[in-house]
Amino acid sequence: MSNSLYSTARQHNQTTIVPSTDIEATVEMADLVPAIEAAFAAYENDTAQMPPKSYIDLPQHNGDFRSMPAYLETDDWEASGIKWVNVHPDNPDEFDLPTVMGTLVYTDPESGFPLAVMDATTLTMKRTGAAAAVATDHLAIEGASSLGIIGAGVQSYTQLEAISQVRPIESVVVSDLDDDRVQRFIDTFGDEFDVRAGTISEAAQCDVLSTVTPVEDPIVTLEDLGEHTHVNAMGADAEGKQELHTDVIREATLVIDDFEQTTHSGEINVPWSTGDIDESDIDAELGEIVVESASGREDLSGNTVFDSTGLAIQDIAAARIVYESLGDDSGHRLEMV
(Lines give C-alpha, C1' and ligand atoms only; values in the text may rest on other atoms or scores of the structure.)
Protein backbone atom coordinates (compact mmCIF):
# COMPACT_ATOMS: atom_id res chain seq x y z
CA MET A 1 0.00 0.00 0.00
CA SER A 2 1.45 3.38 -0.96
CA ASN A 3 0.33 6.90 -0.19
CA SER A 4 -2.01 8.16 -2.90
CA LEU A 5 -0.31 11.54 -3.03
CA TYR A 6 3.27 10.39 -2.79
CA SER A 7 3.88 10.05 -6.52
CA THR A 8 3.36 13.79 -7.03
CA ALA A 9 5.67 14.68 -4.14
CA ARG A 10 8.35 12.25 -5.39
CA GLN A 11 8.17 13.58 -8.94
CA HIS A 12 8.80 17.13 -7.80
CA ASN A 13 11.09 16.14 -4.92
CA GLN A 14 9.19 18.49 -2.62
CA THR A 15 8.10 18.66 0.99
CA THR A 16 5.04 20.71 1.89
CA ILE A 17 5.34 23.16 4.79
CA VAL A 18 1.95 23.44 6.49
CA PRO A 19 1.31 26.38 8.86
CA SER A 20 -1.40 26.38 11.51
CA THR A 21 -3.64 28.59 9.34
CA ASP A 22 -3.83 25.85 6.70
CA ILE A 23 -4.65 23.25 9.35
CA GLU A 24 -7.40 25.43 10.75
CA ALA A 25 -8.78 25.95 7.27
CA THR A 26 -8.66 22.34 6.07
CA VAL A 27 -9.48 20.09 9.04
CA GLU A 28 -13.16 19.38 9.59
CA MET A 29 -14.18 17.58 12.78
CA ALA A 30 -16.63 15.53 10.74
CA ASP A 31 -13.59 14.00 8.96
CA LEU A 32 -11.22 13.96 11.91
CA VAL A 33 -13.35 12.09 14.46
CA PRO A 34 -13.73 8.92 12.31
CA ALA A 35 -10.03 9.08 11.41
CA ILE A 36 -9.09 9.08 15.09
CA GLU A 37 -11.50 6.23 15.71
CA ALA A 38 -9.81 4.28 12.88
CA ALA A 39 -6.44 4.94 14.54
CA PHE A 40 -7.66 3.43 17.81
CA ALA A 41 -8.93 0.41 15.89
CA ALA A 42 -5.60 -0.05 14.09
CA TYR A 43 -3.74 0.12 17.39
CA GLU A 44 -6.00 -2.52 18.91
CA ASN A 45 -5.74 -4.72 15.81
CA ASP A 46 -1.93 -4.61 15.93
CA THR A 47 -1.62 -2.84 12.59
CA ALA A 48 0.00 0.16 14.24
CA GLN A 49 3.39 0.73 15.82
CA MET A 50 3.77 3.35 18.53
CA PRO A 51 6.86 3.34 20.75
CA PRO A 52 6.33 4.85 24.19
CA LYS A 53 6.32 8.63 24.35
CA SER A 54 9.76 9.81 25.49
CA TYR A 55 10.27 12.84 27.72
CA ILE A 56 12.94 15.45 28.25
CA ASP A 57 12.19 17.20 31.54
CA LEU A 58 13.33 20.79 32.01
CA PRO A 59 12.36 21.81 35.56
CA GLN A 60 14.55 24.92 35.30
CA HIS A 61 12.12 26.17 32.64
CA ASN A 62 8.99 24.60 34.15
CA GLY A 63 8.51 22.57 31.00
CA ASP A 64 9.29 19.46 29.03
CA PHE A 65 9.60 18.04 25.53
CA ARG A 66 8.03 14.83 24.21
CA SER A 67 8.82 12.82 21.07
CA MET A 68 5.98 10.81 19.58
CA PRO A 69 6.57 8.55 16.54
CA ALA A 70 3.97 6.25 15.00
CA TYR A 71 2.99 4.14 12.01
CA LEU A 72 -0.52 2.86 11.35
CA GLU A 73 -2.35 0.91 8.69
CA THR A 74 -6.09 0.61 8.18
CA ASP A 75 -8.08 -1.22 5.51
CA ASP A 76 -7.93 1.89 3.32
CA TRP A 77 -4.70 3.77 4.10
CA GLU A 78 -1.39 3.84 5.93
CA ALA A 79 0.53 6.73 7.44
CA SER A 80 3.65 7.44 9.46
CA GLY A 81 5.50 10.31 11.09
CA ILE A 82 6.76 11.83 14.31
CA LYS A 83 5.68 14.74 16.50
CA TRP A 84 8.01 16.85 18.64
CA VAL A 85 5.96 18.68 21.24
CA ASN A 86 6.53 20.80 24.33
CA VAL A 87 4.51 21.67 27.41
CA HIS A 88 5.55 24.93 29.09
CA PRO A 89 2.76 26.21 31.40
CA ASP A 90 4.42 29.61 31.89
CA ASN A 91 4.36 30.43 28.18
CA PRO A 92 1.10 32.42 28.04
CA ASP A 93 2.16 34.82 30.79
CA GLU A 94 5.89 35.06 30.11
CA PHE A 95 6.16 34.80 26.32
CA ASP A 96 2.63 35.23 24.96
CA LEU A 97 2.91 31.72 23.51
CA PRO A 98 0.69 28.65 23.88
CA THR A 99 1.41 26.22 26.69
CA VAL A 100 1.61 23.39 24.17
CA MET A 101 3.36 23.70 20.80
CA GLY A 102 4.57 21.11 18.36
CA THR A 103 5.98 20.24 14.95
CA LEU A 104 5.07 17.11 13.01
CA VAL A 105 7.01 15.46 10.20
CA TYR A 106 4.63 13.41 8.05
CA THR A 107 6.42 10.77 5.99
CA ASP A 108 5.69 8.27 3.26
CA PRO A 109 5.91 4.78 4.82
CA GLU A 110 7.19 3.17 1.60
CA SER A 111 10.19 5.41 1.00
CA GLY A 112 10.59 7.52 4.14
CA PHE A 113 10.23 10.69 2.05
CA PRO A 114 9.12 13.67 4.21
CA LEU A 115 5.81 14.57 2.59
CA ALA A 116 5.09 17.46 4.94
CA VAL A 117 6.32 19.40 7.95
CA MET A 118 3.34 20.69 9.89
CA ASP A 119 2.69 23.01 12.75
CA ALA A 120 1.33 20.57 15.30
CA THR A 121 -0.05 23.02 17.85
CA THR A 122 -3.45 23.36 16.21
CA LEU A 123 -3.27 19.74 15.05
CA THR A 124 -2.80 18.58 18.66
CA MET A 125 -5.75 20.59 19.90
CA LYS A 126 -8.02 19.23 17.18
CA ARG A 127 -7.04 15.58 17.54
CA THR A 128 -7.41 15.86 21.33
CA GLY A 129 -10.96 17.06 20.87
CA ALA A 130 -11.59 14.28 18.36
CA ALA A 131 -10.30 11.63 20.80
CA ALA A 132 -12.72 12.91 23.43
CA ALA A 133 -15.50 12.69 20.87
CA VAL A 134 -14.67 9.05 20.07
CA ALA A 135 -14.77 8.20 23.78
CA THR A 136 -17.96 10.19 24.27
CA ASP A 137 -19.63 8.38 21.38
CA HIS A 138 -19.00 5.02 23.04
CA LEU A 139 -19.40 5.97 26.71
CA ALA A 140 -21.95 8.77 27.08
CA ILE A 141 -25.70 8.22 27.14
CA GLU A 142 -27.24 8.37 23.68
CA GLY A 143 -29.24 11.53 24.23
CA ALA A 144 -26.54 13.50 26.03
CA SER A 145 -27.42 17.15 25.48
CA SER A 146 -25.41 18.99 28.13
CA LEU A 147 -21.64 19.42 28.24
CA GLY A 148 -19.57 20.69 31.15
CA ILE A 149 -16.05 21.95 30.57
CA ILE A 150 -13.59 22.67 33.35
CA GLY A 151 -10.78 24.83 32.02
CA ALA A 152 -11.51 27.47 29.39
CA GLY A 153 -8.15 27.49 27.63
CA VAL A 154 -7.56 26.66 23.99
CA GLN A 155 -8.25 22.95 24.44
CA SER A 156 -11.79 23.66 25.60
CA TYR A 157 -12.81 24.94 22.17
CA THR A 158 -12.09 21.73 20.31
CA GLN A 159 -13.78 19.71 23.05
CA LEU A 160 -17.08 21.37 22.24
CA GLU A 161 -16.48 21.37 18.48
CA ALA A 162 -15.76 17.63 18.45
CA ILE A 163 -18.19 16.33 21.07
CA SER A 164 -21.07 18.17 19.40
CA GLN A 165 -20.37 16.01 16.34
CA VAL A 166 -21.34 12.83 18.19
CA ARG A 167 -24.01 14.02 20.65
CA PRO A 168 -26.87 16.57 20.35
CA ILE A 169 -25.27 19.12 22.68
CA GLU A 170 -27.57 22.04 23.46
CA SER A 171 -26.30 23.54 26.73
CA VAL A 172 -22.73 24.10 27.92
CA VAL A 173 -21.46 25.01 31.40
CA VAL A 174 -17.88 26.26 31.48
CA SER A 175 -15.85 26.71 34.66
CA ASP A 176 -12.49 28.46 34.98
CA LEU A 177 -10.71 30.63 37.55
CA ASP A 178 -10.10 33.21 34.82
CA ASP A 179 -13.34 35.13 34.13
CA ASP A 180 -11.93 36.60 30.92
CA ARG A 181 -11.30 33.14 29.50
CA VAL A 182 -14.83 32.10 30.34
CA GLN A 183 -16.25 35.19 28.65
CA ARG A 184 -14.19 34.59 25.49
CA PHE A 185 -15.54 31.04 25.36
CA ILE A 186 -19.11 32.27 25.81
CA ASP A 187 -18.62 34.93 23.13
CA THR A 188 -17.28 32.32 20.70
CA PHE A 189 -20.06 29.76 21.07
CA GLY A 190 -23.01 31.75 22.43
CA ASP A 191 -24.76 31.92 19.07
CA GLU A 192 -24.64 28.14 18.58
CA PHE A 193 -25.23 26.79 22.09
CA ASP A 194 -26.76 27.85 25.39
CA VAL A 195 -23.46 28.62 27.12
CA ARG A 196 -23.05 29.91 30.66
CA ALA A 197 -20.41 30.17 33.36
CA GLY A 198 -20.71 27.82 36.32
CA THR A 199 -18.97 26.14 39.21
CA ILE A 200 -17.00 22.92 38.96
CA SER A 201 -19.95 21.05 40.45
CA GLU A 202 -22.41 22.61 37.99
CA ALA A 203 -20.20 21.62 35.07
CA ALA A 204 -19.78 18.11 36.46
CA GLN A 205 -23.54 17.60 36.69
CA CYS A 206 -23.81 17.66 32.89
CA ASP A 207 -24.30 14.56 30.75
CA VAL A 208 -20.70 14.89 29.52
CA LEU A 209 -17.79 16.55 31.31
CA SER A 210 -14.40 17.40 29.83
CA THR A 211 -11.62 18.45 32.19
CA VAL A 212 -8.78 20.32 30.48
CA THR A 213 -6.68 21.77 33.30
CA PRO A 214 -3.03 21.29 34.35
CA VAL A 215 -3.79 20.83 38.07
CA GLU A 216 -1.91 18.51 40.40
CA ASP A 217 -4.48 18.66 43.21
CA PRO A 218 -7.77 16.96 42.18
CA ILE A 219 -10.71 19.31 41.67
CA VAL A 220 -13.64 17.00 40.75
CA THR A 221 -15.22 14.84 43.46
CA LEU A 222 -17.58 11.91 43.16
CA GLU A 223 -20.31 14.03 44.73
CA ASP A 224 -19.91 16.62 41.95
CA LEU A 225 -20.90 14.21 39.19
CA GLY A 226 -24.39 13.60 37.88
CA GLU A 227 -26.00 10.17 37.91
CA HIS A 228 -24.76 9.27 34.43
CA THR A 229 -21.97 11.73 33.67
CA HIS A 230 -19.30 10.64 31.24
CA VAL A 231 -15.95 12.30 32.00
CA ASN A 232 -13.21 12.98 29.48
CA ALA A 233 -10.14 13.49 31.68
CA MET A 234 -7.88 15.30 29.22
CA GLY A 235 -5.63 17.54 31.31
CA ALA A 236 -3.26 15.13 33.05
CA ASP A 237 -0.36 14.58 30.67
CA ALA A 238 2.64 14.31 33.00
CA GLU A 239 3.60 12.65 36.27
CA GLY A 240 1.96 14.24 39.30
CA LYS A 241 -1.06 15.69 37.48
CA GLN A 242 -4.54 14.62 38.56
CA GLU A 243 -7.91 16.32 37.95
CA LEU A 244 -10.32 13.75 39.42
CA HIS A 245 -10.36 12.57 43.02
CA THR A 246 -9.34 8.94 43.30
CA ASP A 247 -12.80 7.80 44.38
CA VAL A 248 -14.14 9.03 41.03
CA ILE A 249 -11.64 6.80 39.24
CA ARG A 250 -12.36 3.80 41.47
CA GLU A 251 -16.15 4.02 41.26
CA ALA A 252 -16.54 4.79 37.57
CA THR A 253 -16.19 2.54 34.55
CA LEU A 254 -12.60 3.44 33.64
CA VAL A 255 -11.44 3.43 30.02
CA ILE A 256 -7.89 4.45 29.07
CA ASP A 257 -6.16 5.22 25.79
CA ASP A 258 -2.91 3.33 26.45
CA PHE A 259 -1.75 1.38 29.52
CA GLU A 260 1.89 2.47 29.52
CA GLN A 261 1.13 6.14 29.02
CA THR A 262 -1.79 6.46 31.41
CA THR A 263 -0.02 4.71 34.28
CA HIS A 264 3.03 6.91 33.70
CA SER A 265 1.49 10.30 32.98
CA GLY A 266 -2.29 10.10 32.62
CA GLU A 267 -5.16 10.85 34.99
CA ILE A 268 -4.52 7.60 36.86
CA ASN A 269 -0.76 8.05 37.30
CA VAL A 270 -0.92 9.35 40.88
CA PRO A 271 -3.29 6.77 42.42
CA TRP A 272 -1.51 4.09 40.40
CA SER A 273 1.87 5.06 41.84
CA THR A 274 0.50 5.10 45.39
CA GLY A 275 -1.26 1.76 45.00
CA ASP A 276 -4.73 3.24 45.50
CA ILE A 277 -5.80 1.67 42.21
CA ASP A 278 -4.46 -1.27 40.24
CA GLU A 279 -5.10 -3.10 36.99
CA SER A 280 -8.41 -4.46 38.26
CA ASP A 281 -9.77 -0.90 38.29
CA ILE A 282 -9.17 -0.48 34.52
CA ASP A 283 -12.16 -1.73 32.59
CA ALA A 284 -10.88 -1.37 29.00
CA GLU A 285 -8.73 0.49 26.55
CA LEU A 286 -10.70 2.64 24.12
CA GLY A 287 -9.42 0.65 21.14
CA GLU A 288 -10.98 -2.51 22.59
CA ILE A 289 -14.36 -0.77 22.74
CA VAL A 290 -13.99 0.63 19.21
CA VAL A 291 -13.41 -2.86 17.75
CA GLU A 292 -16.10 -4.29 20.05
CA SER A 293 -13.86 -6.69 21.94
CA ALA A 294 -15.00 -4.85 25.08
CA SER A 295 -18.27 -3.12 25.85
CA GLY A 296 -18.82 0.60 26.35
CA ARG A 297 -21.71 2.06 28.30
CA GLU A 298 -24.36 -0.54 29.02
CA ASP A 299 -26.60 1.26 31.55
CA LEU A 300 -28.24 4.66 31.65
CA SER A 301 -26.95 5.21 35.19
CA GLY A 302 -23.37 5.21 36.46
CA ASN A 303 -20.33 7.28 35.64
CA THR A 304 -17.70 6.59 32.99
CA VAL A 305 -14.20 8.06 32.73
CA PHE A 306 -11.92 8.25 29.72
CA ASP A 307 -8.28 8.80 30.67
CA SER A 308 -6.63 10.43 27.66
CA THR A 309 -2.89 11.05 27.43
CA GLY A 310 -2.78 11.71 23.70
CA LEU A 311 -1.29 9.14 21.35
CA ALA A 312 1.04 9.51 18.42
CA ILE A 313 -1.33 7.43 16.27
CA GLN A 314 -3.89 10.23 16.70
CA ASP A 315 -1.41 12.84 15.47
CA ILE A 316 -0.46 10.82 12.41
CA ALA A 317 -4.09 10.08 11.53
CA ALA A 318 -4.85 13.78 11.85
CA ALA A 319 -1.79 14.70 9.76
CA ARG A 320 -3.04 12.45 6.99
CA ILE A 321 -6.37 14.30 6.97
CA VAL A 322 -4.49 17.60 6.67
CA TYR A 323 -2.15 16.40 3.92
CA GLU A 324 -4.86 14.87 1.76
CA SER A 325 -7.04 17.96 2.18
CA LEU A 326 -4.40 20.35 0.87
CA GLY A 327 -4.61 21.57 -2.70
CA ASP A 328 -1.55 21.88 -4.91
CA ASP A 329 -1.32 25.59 -4.17
CA SER A 330 -1.57 25.27 -0.37
CA GLY A 331 1.37 25.73 1.98
CA HIS A 332 4.96 26.18 0.89
CA ARG A 333 7.20 23.71 -0.93
CA LEU A 334 10.79 22.83 -0.16
CA GLU A 335 12.87 21.00 -2.73
CA MET A 336 14.72 17.99 -1.36
CA VAL A 337 18.16 17.40 -2.90
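General observations
- Think of the range 121-268 as having a plus end and a minus end, set by charges on the Cβ of Lys, Arg, Asp and Glu; of GLN165, LEU244, THR263, GLN165 sits farthest toward the positive end of this dipole.
- Quotient of Cα Rg and 2.2 N^0.38 Å for the range 140-294, N being how many residues it contains: 1.02
- Quotient of C-alpha Rg and 2.2 N^0.38 Å, computed over the range 194-240: 1.17
- For the peptides 152-158, 124-130, 41-47, 269-275, residues were scored by their other Cβ atoms within 10 Å and the scores averaged per peptide; the highest-first order is 124-130, 152-158, 41-47, 269-275.
- Here the accessible area is traced with a 1.4 Å probe on the protein chains. For the range 1-160, carbon and sulfur cover 50 percent of it.
- For the range 17-25, the Karplus equation 6.51 cos²θ - 1.76 cosθ + 1.60, evaluated at θ = phi - 60°, returns couplings of 9, 10, x, 4, 4, 5, 5, 4, 7 Hz by residue, with Gly and Pro reported as x.
- Mean silhouette area of the range 91-195, derived from the convex hull of its C-alpha atoms and averaged over all directions, reads 8.7 nm².
- Cα-centre dipole for the chain with unit charges at Cβ (Lys and Arg positive, Asp and Glu negative), debye to 20: 920
- Cα convex hull of the chain, projected area averaged across orientations, nm²: 16.9
- Principal-axis analysis of the Cα atoms of the chain puts helix 29-44 at an angle of about 90° to the longest axis.
- Mean projection area, nm², convex hull over Cα of the range 43-134: 7.3
- Accessible area per residue for the range 220-261 is 34 Å², calculated with a 1.4 Å probe on protein heavy atoms, without ligands, DNA or RNA.
- Cβ-placed point charges (K, R +1; D, E -1), dipole of the range 251-290 about Cα centre in debye, nearest 20: 100
- For the chain, the longest principal axis of the Cα atoms and the long axis of helix 154-166 meet at an angle of about 90 degrees.
- Relative to the longest principal axis of the Cα atoms of the chain, the long axis of helix 179-189 makes an angle of roughly 60 degrees.
- Per-residue accessible area (protein heavy atoms, 1.4 Å probe) orders TRP77, TRP84 as TRP84, TRP77, starting from the largest.
- Residue-averaged 222 nm ellipticity for the chain, from DSSP H runs of 4+ at -39500 (n - 2.57), nearest 500: -10000 deg cm²/dmol
The values are calculated or read from the model by the stated rules, or taken from the named source; none is laboratory data. This one's a predicted model, so the numbers in the text were calculated from it and none came from an experiment. Ideal geometry is used to build each Cβ from the backbone, glycine not excepted, and the neighbour counts take in all protein chains shown. Remember, those area values only see protein heavy atoms, side chains included, never the ligands or the DNA or RNA. Shrake-Rupley method; radii C 1.70, N 1.55, O 1.52, S 1.80 Å.
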